[in-house]
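No value in this document is a laboratory result; all are computed from the given coordinates. Because the structure is a prediction, the values reported are computed rather than measured. With ideal geometry, Cβ positions are generated from the backbone for all residues, glycine too; neighbour counts draw on all protein chains shown.
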Amino acid sequence: MEQYIMALDQGTTSSRCMIFDKKGTICGKSQEEFTQIFPQPGWVEHDPMQILETQIRVAKKAMEELGISAGNIKAIGITNQRETTVVWDRSTGKPVYNAIVWQCRRTAGKIDELKENGYGEMIRKKTGLVPDAYFSGSKIQWILDQVEGAREKAEEGDLLFGTIDTWLIWNLTKGRVFVTDYTNASRTMLFDIEKLQWDDEILKIFNIPKSMLPEVKPSSCIYGYTDKEIFAGEIMIGGAAGDQQAALFGQCCFEPGEVKNTYGTGCFLLMNTGERIVASKNGLLTTIAIGLEGRVQYALEGSIFVAGAAIQWLRDGLHMIENSAQSEEYATAVPDTEGGYVVPAFTGMGAPYWDQYARGAIVGITRGFTREHFVRATLESLAYQTYDVLKAMESDAELSLKSLKVDGGACANDFLMQFQADILDTAVLRPECIETTALGAAYLAGMATGYWKDRDDVRGNWALSRTFVPDMDAGKREKLLKGWKKAVKCAFGWAE
Ligand SMILES: Nc1ncnc2c1ncn2[C@@H]1O[C@H](COP(=O)(O)OP(=O)(O)O)[C@@H](O)[C@H]1O
Ligand SMILES: O=P(O)(O)OC[C@H](O)CO
């Protein structure tokens, strides 16, 4: 019987399933977008039940379309939007509140309090993270404080917390397995990344009972088996990792110094730093890259909150384009933006600025600024934001990158990739498979079962599709970057 590995990729805007063969080729896939809930400006929620339903539905559909059954799936790897927080009732399995999404700013004030109380440095040291509403800690606290009866129930041990990996595994195993992996744990702001354990001091500050937290496991191991009713047969769950770490793995960035940038809803630049914890001096995060083969590797990360989401905004909010791909057509219809800039700081700014109160800005426009210029400026903002985090990373790691591996939905845009190479003055390498998040999760699951032996066994699957070579003169690049730096300043502190 032909054997495959299934990856469940639960992203910010869609649930996806990809079925891979041994060569890392996608043999079957299915995808469904789900509802984004914006209850107040700066707030973002998802319905956890809709996440679960869409994820199971796409998995069944992908299997059906490939004409296979549970017996053909050697293992499932799960990868997910990180930090997004679900709290549910242990006995009924019902969420007590919507999932609070990583982009949500509702707890910015709580983070300010925490910093004012002098906890910032301790948190940064233990968790590797810059205190921010982005991470799960303050989101759990908000649910316990704001949902009636939640705190009492949590203290009695009746509530559970999970990031999306935990929520999916718990449901797929019908409540038998309550786990997360090191990479996801490292995004909660509750986990000591050196001692590899939940931190009691930080839990006390957030007033979160430890009984709510899942067991933390390696990213590749036998977590459990799906309930046989879900896919008409049990399937082993063998891999779990946050989507950005999974993409780093899927890009085969296994060695210290290897870097990738993923252009999805947000944009995330990660560099493997091996077994060394590198503390950033330039506003980057230190995070766990992977827990595998009995050891943990670390990464430096530049997190950009809004990237592809800005293209979705052009499509769904402003109705300037009909689909994401059309952005390229408009952008290339004009030679430049005529000096205009879009700074899509809709939910504050992440690395390297970490401004919870920044908000979007459109600056430098004149009467000749058209839809085409607008679309181009929005696309260019992805490249400028990447420039900012890449320079911070080069400075932290004391090296100059020769090339950048890219992946994620928006890296299909040739205009954007060329502009990225131009603005960085660095070659951009796009692989054949840009679904490296799912591929990384598949590798982790496959390695838990012997489908792939080890990292060396999958390295040969990475294949280059196209290199974008820099082709912009230095004077023009400097002028454009100077404008961007001015534009970013206009967004700072707006909602304070
Ligand atoms: N050709 C394109 N040009 C620009 N942006 C694109 C293109 N195709 C997809 N996108 C953007 O990429 C994002 C989807 O990428 P994906 O990796 O699936 O994201 P996620 O995992 O965050 O849901 C969307 O925000 C979409 O607007
Ligand atoms: O949904 P993505 O792929 O943009 O990823 C979201 C990140 O994991 C948030 O930290």
Checklist entry - Going down the list Lys115/Lys204; Lys110/Lys139; Lys115/Lys153; Lys174/Lys228, which pairs span over 18 Å between their C-alpha atoms? => result Lys115/Lys153
Next on the checklist: Tell me the relative contact order for the stretch 145-199 as a rounded percent, counting alpha carbon contacts under 8 Å between residues six or more apart.
Outcome noted: 18 percent
Checklist entry - If the cut-off is a Cα-Cα distance under 20 Å, which aspartates and glutamates reach Lys61, setting aside same-chain residues fewer than 8 apart in sequence? => result Glu2, Asp9, Asp21, Glu32, Glu33, Glu53, Asp227, Glu229, Glu234, Glu435
Checklist outcome for this item: The size of the Cβ-based charge dipole (Lys, Arg +1; Asp, Glu -1) of the chain about the Cα centre, to the nearest 20 debye, is 320 debye
Next on the checklist: Could you work out the relative contact order of the chain? I mean the mean sequence separation of Cα pairs under 8 Å and 6+ apart, divided by the number of residues, in percent.
Outcome noted: 15 percent
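Rounded, prolate or oblate: which fits the stretch 4-244 when a ≥ b ≥ c are the square roots of the eigenvalues of the alpha-carbon gyration tensor, with rounded for a/c under 1.5 and prolate only if a/b beats b/c?
prolate
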Checklist entry - In what order do Met320, Met122, Met6, Met349 fall by count of nearby beta-carbon atoms within 10 Å, going from fewest to most? => result Met122, Met320, Met349, Met6
Checklist outcome for this item: Rounded to whole angstroms and listed largest first, the alpha-carbon spread of the chain along its three principal axes comes to 60, 56, 43
Next on the checklist: Could you list Thr332, Thr436, Thr426 so that the one with the fewest beta carbons within 10 Å of its beta carbon is first and the one with the most is last?
Outcome noted: Thr332, Thr426, Thr436
Checklist entry - What aspartates and glutamates sit close enough to Lys479 to cross-link, taking a C-alpha to C-alpha distance under 13 Å and skipping anything fewer than 8 places away on the same chain? => result Asp336, Glu338, Asp422
Item to check | Whole-Å distance, taken between Cα centres, linking the stretch 255-333 and the stretch 207-235 | outcome: 26 Å
Checklist entry - Expressed as a whole number of Å, what is the distance separating the alpha-carbon centroids of the stretch 162-201 and the stretch 391-448? => result 27 Å
Checklist entry - Which loop-located GluC sites (Glu not before Pro) does the stretch 1-82 contain, where loop means any DSSP state but H, G, I, E or B and the Cβ has at most 14 other Cβ atoms within 10 Å? => result Glu2
Checklist entry - Taking a threshold of 20 Å on the Cα-Cα distance, which of the pairs Lys126/Lys281; Lys260/Lys391; Lys195/Lys391 fall above it? => result Lys195/Lys391
Checklist outcome for this item: Per residue, the convex hull enclosing the Cα atoms of the stretch 225-295 spans a volume in Å³ of 129 Å³
Item to check | In the stretch 189-233, the trypsin sites (Lys or Arg not before Pro) that fall in loop regions by DSSP, at most 12 other Cβ within 10 Å | outcome: Lys195, Lys228
Checklist entry - What relative contact order, as a whole-number percentage, does the stretch 74-128 give when Cα pairs under 8 Å and 6 or more residues apart are counted? => result 23 percent
Checklist entry - Where a Cα-Cα gap under 12 Å defines reach, which aspartates and glutamates qualify for Lys489, not counting those fewer than 8 residues away within the same chain? => result Asp355
